Amino acid sequence: MQYRIHNKTGAEVSLLGLGCMRLPKPDPSSEGIDYAAAKAMVDTAWQRGIRYFDTAWAYHGGESELFIGKALQDYPRESFFLADKMPAWALESKEDREKVFSRQLEKCGVDYFDFYLLHSVQNSNWDRYEELEVYNFLARKKAEGKIRRLGFSYHGDVPLLETVLKAHEWDFVQIQLNYLDWELQDAKTQYRLITEAGLQCMIMEPVRGGALADLCPEANAILRSAAPDRSIASWAIRFAAGLPGVLCVLSGMSTPEQLEDNLSTMEAFTPLSDAEKEALDAALAEYRKARTIPCTGCRYCLPCPMGVAIPDVFRLYNHKYAFSHSAESLKNAVGDLEGGPAACVACGQCLDKCPQSIAIPTHMQEICELVK
Ligand code: SF4
Ligand code: SF4
(Lines give C-alpha, C1' and ligand atoms only; values in the text may rest on other atoms or scores of the structure.)
(Ligands and ions follow the chains in the order given, each with its own letter.)
Protein backbone atom coordinates (compact mmCIF):
# COMPACT_ATOMS: atom_id res chain seq x y z
CA MET A 1 0.00 0.00 0.00
CA GLN A 2 1.19 3.48 -0.73
CA TYR A 3 0.80 6.28 1.80
CA ARG A 4 0.67 10.03 1.43
CA ILE A 5 1.38 12.69 4.00
CA HIS A 6 -1.35 15.11 5.08
CA ASN A 7 0.28 18.45 4.42
CA LYS A 8 -1.26 20.22 7.45
CA THR A 9 -0.66 17.61 10.16
CA GLY A 10 1.92 15.13 8.87
CA ALA A 11 -0.50 12.20 9.20
CA GLU A 12 0.46 9.25 6.99
CA VAL A 13 -2.72 8.21 5.18
CA SER A 14 -3.18 5.13 2.97
CA LEU A 15 -3.77 6.15 -0.64
CA LEU A 16 -6.76 3.78 -0.71
CA GLY A 17 -9.55 4.27 1.84
CA LEU A 18 -12.58 2.12 2.59
CA GLY A 19 -15.84 4.01 2.03
CA CYS A 20 -18.52 2.52 4.29
CA MET A 21 -21.64 3.43 2.28
CA ARG A 22 -21.88 0.33 0.08
CA LEU A 23 -20.92 -2.49 2.42
CA PRO A 24 -22.25 -6.01 1.75
CA LYS A 25 -25.95 -6.37 2.59
CA PRO A 26 -27.93 -9.40 3.76
CA ASP A 27 -30.60 -8.48 1.23
CA PRO A 28 -29.92 -6.19 -1.77
CA SER A 29 -33.13 -4.18 -1.30
CA SER A 30 -32.46 -3.39 2.38
CA GLU A 31 -30.23 -0.73 3.97
CA GLY A 32 -28.76 -3.30 6.38
CA ILE A 33 -25.21 -4.65 6.58
CA ASP A 34 -24.05 -8.26 6.42
CA TYR A 35 -21.81 -7.88 9.48
CA ALA A 36 -19.80 -11.07 8.97
CA ALA A 37 -19.01 -10.35 5.32
CA ALA A 38 -18.30 -6.66 5.96
CA LYS A 39 -16.11 -7.42 8.97
CA ALA A 40 -14.05 -9.86 6.90
CA MET A 41 -13.51 -7.08 4.34
CA VAL A 42 -12.44 -4.60 7.04
CA ASP A 43 -9.96 -7.14 8.42
CA THR A 44 -8.49 -7.81 4.96
CA ALA A 45 -8.33 -4.05 4.30
CA TRP A 46 -6.46 -3.45 7.54
CA GLN A 47 -4.07 -6.38 7.05
CA ARG A 48 -3.22 -5.12 3.54
CA GLY A 49 -2.50 -1.57 4.73
CA ILE A 50 -5.75 0.43 4.42
CA ARG A 51 -5.82 2.86 7.32
CA TYR A 52 -8.62 5.26 6.32
CA PHE A 53 -12.27 4.38 6.99
CA ASP A 54 -15.02 6.80 5.97
CA THR A 55 -18.52 6.63 7.41
CA ALA A 56 -21.50 9.00 7.78
CA TRP A 57 -24.75 9.45 9.70
CA ALA A 58 -26.84 8.54 6.68
CA TYR A 59 -24.93 5.53 5.34
CA HIS A 60 -26.83 2.24 5.49
CA GLY A 61 -29.75 3.97 7.24
CA GLY A 62 -27.53 4.84 10.22
CA GLU A 63 -25.98 1.38 10.61
CA SER A 64 -22.64 2.18 8.97
CA GLU A 65 -21.31 4.12 11.99
CA LEU A 66 -22.34 1.34 14.38
CA PHE A 67 -20.74 -1.29 12.17
CA ILE A 68 -17.40 0.38 11.51
CA GLY A 69 -17.01 1.39 15.17
CA LYS A 70 -17.46 -2.23 16.18
CA ALA A 71 -15.30 -3.62 13.39
CA LEU A 72 -12.36 -1.36 14.25
CA GLN A 73 -12.42 -2.17 17.95
CA ASP A 74 -9.99 -5.05 17.24
CA TYR A 75 -7.30 -2.53 16.27
CA PRO A 76 -5.38 0.05 18.32
CA ARG A 77 -7.15 3.42 18.13
CA GLU A 78 -4.03 5.27 16.94
CA SER A 79 -3.47 2.74 14.09
CA PHE A 80 -6.32 3.92 11.82
CA PHE A 81 -8.05 7.08 10.70
CA LEU A 82 -11.81 7.27 11.14
CA ALA A 83 -13.79 9.92 9.24
CA ASP A 84 -17.39 10.91 9.98
CA LYS A 85 -19.68 13.74 8.85
CA MET A 86 -22.21 16.25 10.20
CA PRO A 87 -25.52 15.92 8.29
CA ALA A 88 -27.23 19.28 7.57
CA TRP A 89 -30.56 17.52 7.12
CA ALA A 90 -30.54 16.24 10.74
CA LEU A 91 -30.10 19.76 12.18
CA GLU A 92 -33.12 21.87 13.08
CA SER A 93 -31.55 23.90 15.85
CA LYS A 94 -28.12 24.68 17.31
CA GLU A 95 -28.80 22.15 20.08
CA ASP A 96 -28.96 19.39 17.46
CA ARG A 97 -25.26 19.87 16.60
CA GLU A 98 -24.19 18.49 19.99
CA LYS A 99 -26.85 15.78 19.95
CA VAL A 100 -25.71 14.47 16.57
CA PHE A 101 -21.97 14.76 17.27
CA SER A 102 -22.15 13.05 20.69
CA ARG A 103 -24.29 10.30 19.27
CA GLN A 104 -21.79 9.75 16.44
CA LEU A 105 -18.91 9.33 18.91
CA GLU A 106 -21.07 6.93 20.89
CA LYS A 107 -22.14 4.94 17.81
CA CYS A 108 -18.55 4.61 16.62
CA GLY A 109 -17.27 3.77 20.11
CA VAL A 110 -14.50 6.41 19.94
CA ASP A 111 -13.71 9.62 21.78
CA TYR A 112 -12.41 11.53 18.76
CA PHE A 113 -12.63 11.55 14.97
CA ASP A 114 -9.42 11.76 12.93
CA PHE A 115 -11.18 13.50 10.05
CA TYR A 116 -14.57 15.18 10.31
CA LEU A 117 -16.58 16.82 7.54
CA LEU A 118 -19.58 18.98 6.90
CA HIS A 119 -21.48 16.49 4.78
CA SER A 120 -22.58 17.21 1.22
CA VAL A 121 -22.03 20.96 1.01
CA GLN A 122 -24.19 22.48 -1.73
CA ASN A 123 -26.40 25.58 -1.73
CA SER A 124 -29.18 24.64 0.69
CA ASN A 125 -26.96 22.60 3.04
CA TRP A 126 -24.38 25.39 3.16
CA ASP A 127 -27.05 27.92 4.19
CA ARG A 128 -28.13 25.58 7.00
CA TYR A 129 -24.54 25.05 8.18
CA GLU A 130 -23.87 28.78 8.26
CA GLU A 131 -27.21 29.71 9.85
CA LEU A 132 -26.60 27.24 12.69
CA GLU A 133 -22.90 28.20 13.01
CA VAL A 134 -21.88 24.59 12.57
CA TYR A 135 -18.28 25.45 11.66
CA ASN A 136 -17.81 27.32 14.95
CA PHE A 137 -19.26 24.39 16.86
CA LEU A 138 -16.90 21.95 15.12
CA ALA A 139 -13.91 24.26 15.55
CA ARG A 140 -14.60 24.11 19.30
CA LYS A 141 -14.68 20.31 19.11
CA LYS A 142 -11.34 20.44 17.32
CA ALA A 143 -9.89 22.66 20.06
CA GLU A 144 -11.15 20.09 22.62
CA GLY A 145 -9.35 17.30 20.71
CA LYS A 146 -12.53 15.55 19.62
CA ILE A 147 -11.82 16.33 15.96
CA ARG A 148 -8.27 16.13 14.63
CA ARG A 149 -8.84 17.50 11.11
CA LEU A 150 -11.83 19.45 9.84
CA GLY A 151 -13.06 19.58 6.25
CA PHE A 152 -16.16 19.30 4.09
CA SER A 153 -17.49 17.05 1.36
CA TYR A 154 -18.62 18.96 -1.69
CA HIS A 155 -21.45 18.58 -4.20
CA GLY A 156 -22.07 22.16 -5.33
CA ASP A 157 -20.91 24.37 -8.18
CA VAL A 158 -17.62 26.19 -8.64
CA PRO A 159 -18.70 29.67 -7.37
CA LEU A 160 -20.01 28.21 -4.10
CA LEU A 161 -16.80 26.21 -3.67
CA GLU A 162 -14.82 29.44 -3.87
CA THR A 163 -17.07 30.95 -1.17
CA VAL A 164 -16.78 27.94 1.12
CA LEU A 165 -13.01 27.71 0.77
CA LYS A 166 -12.68 31.36 1.80
CA ALA A 167 -15.29 31.26 4.57
CA HIS A 168 -13.30 29.26 7.14
CA GLU A 169 -10.00 27.56 7.92
CA TRP A 170 -10.10 24.02 6.53
CA ASP A 171 -7.75 21.03 6.71
CA PHE A 172 -8.92 19.10 3.61
CA VAL A 173 -11.80 18.81 1.15
CA GLN A 174 -13.62 15.73 -0.16
CA ILE A 175 -14.83 15.92 -3.75
CA GLN A 176 -16.37 13.66 -6.35
CA LEU A 177 -13.64 13.13 -8.90
CA ASN A 178 -13.23 10.57 -11.64
CA TYR A 179 -12.32 10.66 -15.33
CA LEU A 180 -15.97 11.19 -16.37
CA ASP A 181 -16.70 13.99 -13.86
CA TRP A 182 -13.36 15.66 -14.61
CA GLU A 183 -15.30 17.50 -17.35
CA LEU A 184 -18.96 16.54 -16.70
CA GLN A 185 -19.09 18.06 -13.20
CA ASP A 186 -15.99 20.24 -13.62
CA ALA A 187 -14.02 18.27 -11.02
CA LYS A 188 -10.97 19.63 -12.85
CA THR A 189 -11.68 23.20 -11.68
CA GLN A 190 -12.69 22.04 -8.20
CA TYR A 191 -9.40 20.14 -7.86
CA ARG A 192 -7.46 23.20 -9.05
CA LEU A 193 -9.18 25.58 -6.62
CA ILE A 194 -8.69 23.26 -3.65
CA THR A 195 -5.01 22.61 -4.33
CA GLU A 196 -4.41 26.32 -5.02
CA ALA A 197 -5.88 26.96 -1.56
CA GLY A 198 -3.12 24.73 -0.15
CA LEU A 199 -5.44 21.83 0.68
CA GLN A 200 -5.41 18.18 -0.34
CA CYS A 201 -8.37 16.25 -1.70
CA MET A 202 -10.09 13.14 -0.46
CA ILE A 203 -11.71 11.53 -3.48
CA MET A 204 -15.20 10.07 -3.40
CA GLU A 205 -16.91 8.16 -6.21
CA PRO A 206 -13.66 7.44 -8.11
CA VAL A 207 -15.52 4.63 -9.91
CA ARG A 208 -18.81 6.59 -9.97
CA GLY A 209 -20.87 4.13 -7.94
CA GLY A 210 -19.56 1.25 -10.08
CA ALA A 211 -20.48 2.80 -13.44
CA LEU A 212 -16.81 3.07 -14.42
CA ALA A 213 -16.17 -0.58 -13.57
CA ASP A 214 -18.00 -1.66 -16.71
CA LEU A 215 -18.30 0.85 -19.55
CA CYS A 216 -19.96 0.07 -22.88
CA PRO A 217 -18.56 -2.89 -24.91
CA GLU A 218 -16.63 -0.60 -27.29
CA ALA A 219 -14.97 1.36 -24.46
CA ASN A 220 -14.23 -1.81 -22.47
CA ALA A 221 -12.54 -3.29 -25.54
CA ILE A 222 -10.23 -0.27 -25.88
CA LEU A 223 -9.12 -0.49 -22.25
CA ARG A 224 -8.74 -4.29 -22.32
CA SER A 225 -6.61 -4.08 -25.42
CA ALA A 226 -4.38 -1.39 -23.84
CA ALA A 227 -3.91 -3.36 -20.57
CA PRO A 228 -5.22 -6.95 -20.81
CA ASP A 229 -4.33 -7.81 -17.21
CA ARG A 230 -6.01 -4.83 -15.60
CA SER A 231 -9.67 -4.51 -14.61
CA ILE A 232 -11.81 -1.70 -16.06
CA ALA A 233 -12.28 -0.29 -12.53
CA SER A 234 -8.52 -0.05 -12.01
CA TRP A 235 -8.30 2.68 -14.67
CA ALA A 236 -10.63 4.86 -12.60
CA ILE A 237 -8.75 4.27 -9.36
CA ARG A 238 -5.41 5.02 -11.03
CA PHE A 239 -6.77 8.19 -12.68
CA ALA A 240 -7.76 9.62 -9.28
CA ALA A 241 -4.71 8.38 -7.37
CA GLY A 242 -2.37 9.75 -10.04
CA LEU A 243 -3.20 13.35 -9.15
CA PRO A 244 -0.54 14.71 -6.77
CA GLY A 245 -3.00 16.81 -4.72
CA VAL A 246 -4.97 13.69 -3.73
CA LEU A 247 -4.44 12.40 -0.20
CA CYS A 248 -6.76 9.39 -0.27
CA VAL A 249 -9.02 7.68 -2.82
CA LEU A 250 -12.16 6.35 -1.13
CA SER A 251 -13.85 3.42 -2.72
CA GLY A 252 -17.23 2.14 -1.51
CA MET A 253 -16.49 -1.54 -1.92
CA SER A 254 -19.29 -4.09 -1.66
CA THR A 255 -17.58 -7.43 -2.30
CA PRO A 256 -14.26 -9.13 -1.46
CA GLU A 257 -13.53 -9.22 -5.20
CA GLN A 258 -13.82 -5.43 -5.49
CA LEU A 259 -11.59 -5.03 -2.45
CA GLU A 260 -9.01 -7.42 -3.91
CA ASP A 261 -9.06 -5.63 -7.25
CA ASN A 262 -8.56 -2.21 -5.61
CA LEU A 263 -5.86 -3.53 -3.30
CA SER A 264 -3.91 -5.08 -6.15
CA THR A 265 -4.19 -1.79 -8.09
CA MET A 266 -2.93 0.25 -5.14
CA GLU A 267 -0.28 -2.14 -3.88
CA ALA A 268 1.49 -1.87 -7.21
CA PHE A 269 0.27 1.65 -7.95
CA THR A 270 1.63 3.43 -10.97
CA PRO A 271 0.02 6.54 -12.46
CA LEU A 272 -1.45 6.31 -15.97
CA SER A 273 1.25 6.59 -18.63
CA ASP A 274 0.81 8.94 -21.61
CA ALA A 275 -0.18 5.99 -23.83
CA GLU A 276 -2.73 4.86 -21.22
CA LYS A 277 -4.15 8.38 -20.99
CA GLU A 278 -4.69 8.33 -24.76
CA ALA A 279 -6.44 4.94 -24.53
CA LEU A 280 -8.63 6.28 -21.73
CA ASP A 281 -9.60 9.34 -23.81
CA ALA A 282 -10.59 7.05 -26.69
CA ALA A 283 -12.64 4.81 -24.37
CA LEU A 284 -14.32 7.83 -22.81
CA ALA A 285 -15.30 9.15 -26.25
CA GLU A 286 -17.06 5.82 -26.93
CA TYR A 287 -18.71 5.80 -23.50
CA ARG A 288 -20.03 9.36 -23.87
CA LYS A 289 -21.92 8.40 -27.03
CA ALA A 290 -24.21 6.21 -24.90
CA ARG A 291 -25.65 9.15 -22.90
CA THR A 292 -26.21 7.26 -19.66
CA ILE A 293 -28.04 8.88 -16.74
CA PRO A 294 -25.25 9.92 -14.33
CA CYS A 295 -26.75 8.28 -11.21
CA THR A 296 -24.20 6.96 -8.69
CA GLY A 297 -26.74 4.87 -6.75
CA CYS A 298 -26.13 6.86 -3.54
CA ARG A 299 -29.87 6.62 -2.61
CA TYR A 300 -29.97 10.15 -1.10
CA CYS A 301 -33.15 10.78 -3.13
CA LEU A 302 -35.04 8.05 -1.26
CA PRO A 303 -37.63 7.50 0.04
CA CYS A 304 -39.86 8.73 -2.77
CA PRO A 305 -43.40 9.34 -1.43
CA MET A 306 -44.78 7.34 -4.36
CA GLY A 307 -42.39 4.46 -3.81
CA VAL A 308 -40.41 4.96 -7.02
CA ALA A 309 -37.17 2.95 -6.78
CA ILE A 310 -35.24 5.83 -8.37
CA PRO A 311 -31.67 4.44 -8.47
CA ASP A 312 -32.93 1.01 -9.59
CA VAL A 313 -34.87 2.56 -12.48
CA PHE A 314 -31.77 4.50 -13.61
CA ARG A 315 -29.50 1.45 -13.24
CA LEU A 316 -31.85 -0.56 -15.46
CA TYR A 317 -32.04 2.25 -18.00
CA ASN A 318 -28.24 2.49 -18.16
CA HIS A 319 -27.70 -1.27 -18.40
CA LYS A 320 -30.64 -2.25 -20.57
CA TYR A 321 -31.09 0.72 -22.86
CA ALA A 322 -28.28 3.29 -22.98
CA PHE A 323 -25.83 1.03 -24.81
CA SER A 324 -28.10 -1.37 -26.72
CA HIS A 325 -31.14 0.87 -27.33
CA SER A 326 -33.33 -2.16 -26.69
CA ALA A 327 -36.65 -0.73 -25.48
CA GLU A 328 -37.97 -4.30 -25.21
CA SER A 329 -35.31 -5.40 -22.76
CA LEU A 330 -35.78 -2.18 -20.75
CA LYS A 331 -39.55 -2.76 -20.70
CA ASN A 332 -39.12 -6.32 -19.37
CA ALA A 333 -36.68 -5.23 -16.67
CA VAL A 334 -38.77 -2.24 -15.55
CA GLY A 335 -41.92 -4.38 -15.62
CA ASP A 336 -40.39 -6.69 -13.00
CA LEU A 337 -39.44 -3.80 -10.73
CA GLU A 338 -41.38 -2.82 -7.64
CA GLY A 339 -41.49 1.00 -7.80
CA GLY A 340 -41.29 1.57 -11.55
CA PRO A 341 -41.17 4.98 -13.28
CA ALA A 342 -44.94 5.09 -13.91
CA ALA A 343 -45.55 5.78 -10.21
CA CYS A 344 -43.74 9.14 -10.42
CA VAL A 345 -46.14 12.10 -10.06
CA ALA A 346 -43.39 14.69 -10.66
CA CYS A 347 -43.76 16.16 -7.16
CA GLY A 348 -40.09 17.23 -7.30
CA GLN A 349 -39.31 16.23 -3.70
CA CYS A 350 -36.28 14.24 -4.82
CA LEU A 351 -34.68 17.04 -6.86
CA ASP A 352 -32.84 18.93 -4.11
CA LYS A 353 -31.61 15.71 -2.54
CA CYS A 354 -29.69 14.52 -5.59
CA PRO A 355 -26.00 15.51 -5.40
CA GLN A 356 -25.67 14.84 -9.14
CA SER A 357 -28.45 17.37 -9.98
CA ILE A 358 -30.25 14.77 -12.08
CA ALA A 359 -33.64 15.87 -13.48
CA ILE A 360 -35.27 12.81 -11.89
CA PRO A 361 -38.97 13.36 -12.79
CA THR A 362 -38.06 14.31 -16.38
CA HIS A 363 -36.09 11.11 -16.80
CA MET A 364 -38.91 9.08 -15.23
CA GLN A 365 -41.30 10.49 -17.82
CA GLU A 366 -38.86 9.74 -20.67
CA ILE A 367 -38.39 6.16 -19.47
CA CYS A 368 -42.19 5.73 -19.30
CA GLU A 369 -42.41 6.85 -22.93
CA LEU A 370 -39.69 4.37 -23.94
CA VAL A 371 -41.38 1.38 -22.32
CA LYS A 372 -44.91 2.21 -23.44
S1 SF4 B 1 -40.57 13.53 -8.54
FE2 SF4 B 1 -41.22 11.41 -8.87
S3 SF4 B 1 -39.47 10.19 -8.25
FE4 SF4 B 1 -39.15 12.24 -7.39
S5 SF4 B 1 -40.01 12.11 -5.32
FE6 SF4 B 1 -41.65 12.86 -6.65
S7 SF4 B 1 -42.76 11.02 -7.28
FE8 SF4 B 1 -40.78 10.34 -6.47
S1 SF4 C 1 -30.81 9.87 -8.52
FE2 SF4 C 1 -29.27 11.16 -7.52
S3 SF4 C 1 -29.69 10.97 -5.32
FE4 SF4 C 1 -30.79 9.29 -6.34
S5 SF4 C 1 -29.38 7.56 -6.24
FE6 SF4 C 1 -29.00 8.58 -8.21
S7 SF4 C 1 -27.34 10.05 -7.82
FE8 SF4 C 1 -28.13 9.42 -5.80
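Tabulated values for the structure
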| item | result |
| --- | --- |
| Any hit, region 269-284, residues being under 23 Å from the mean Cα position of the chain (by Cα), within 14 Å of ligand 2 (Cβ to nearest atom), over 30 Å from Gln47 (Cβ atoms) and at pLDDT below 95 | no |
| When residues of region 51-78 are limited to those that are among the hydrophobic types (A, V, I, L, M, F, W, C) and more than 17 Å from the chain's Cα centre (by Cα), the one nearest to Cys248 (Cα to Cα) | Leu72 |
| Number of positions in region 244-301 that are in a loop (DSSP other than H, G, I, E, B) and either within 16 Å of ligand 1 (Cβ to nearest atom) or not polar (S, T, N, Q) (or both) | 18 |
| Region 342-361, residues that are more than 27 Å from Ser153 (Cα to Cα) and near ligand 1 (Cβ under 9 Å from one of its atoms) | Ala343, Cys344, Val345, Ala346, Cys347 |
| Filter result for Arg97 (of a type in the set (D, E, K, R), in a helix (DSSP H, G or I), without any contact (Cβ under 8 Å) to a residue 40 or more places away in the chain and out of contact with any His (no Cβ under 6 Å at 6 or more places or on another chain)) | no |
| In region 160-199, the residues that are assigned to a loop (DSSP other than H, G, I, E, B), crowded, with 23+ Cβ neighbours inside 10 Å and either without any contact (Cβ under 8 Å) to a residue 12 or more places away in the chain or of a type in the set (S, T, N, Q) (or both) | Asn178 |
| Filter result for the condition that a residue is surrounded by fewer than 15 Cβ atoms within 10 Å (Cβ to Cβ) and within 13 Å of ligand 1 (Cβ to nearest atom), over Gly335, Gly339, Gly307 | Gly307 |
| Residue match in region 68-84 (condition: surrounded by fewer than 15 Cβ atoms within 10 Å (Cβ to Cβ), among the aliphatic types (A, V, I, L, M) and in the same structural domain as Thr265 (by TED's automatic domain parsing)) | no |
| Selection from region 289-301 of residues that are within 27 Å of Asn332 (Cβ to Cβ) and either of a type outside the set (A, V, I, L, M, F, W, C) or surrounded by fewer than 16 Cβ atoms within 10 Å (Cβ to Cβ) (or both) | Lys289, Arg291, Thr292, Pro294, Thr296, Gly297, Arg299 |
| Filter result for Asp312 (modelled with pLDDT of 90 or more and on the phi < 0 side of the Ramachandran plot) | yes |
| Yes/no for Glu328 being more than 16 Å from ligand 2 (Cβ to nearest atom), of a type in the set (Asp, Glu), buried (at least 18 other Cβ atoms within 10 Å of the Cβ) and part of a helix (DSSP H, G or I) | no |
| Some residue of region 245-252 being under 23 Å from the mean Cα position of the chain (by Cα) and either farther than 30 Å from Gly151 by Cβ or loosely packed, with under 13 Cβ neighbours inside 10 Å (or both) | no |
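The values are calculated or read from the model by the stated rules, or taken from the named source; none is laboratory data. Since this is a predicted model, take the numbers as computed values, not measurements. Cβ: placed from backbone, ideal geometry, glycine included. Neighbour counts: every protein chain shown.
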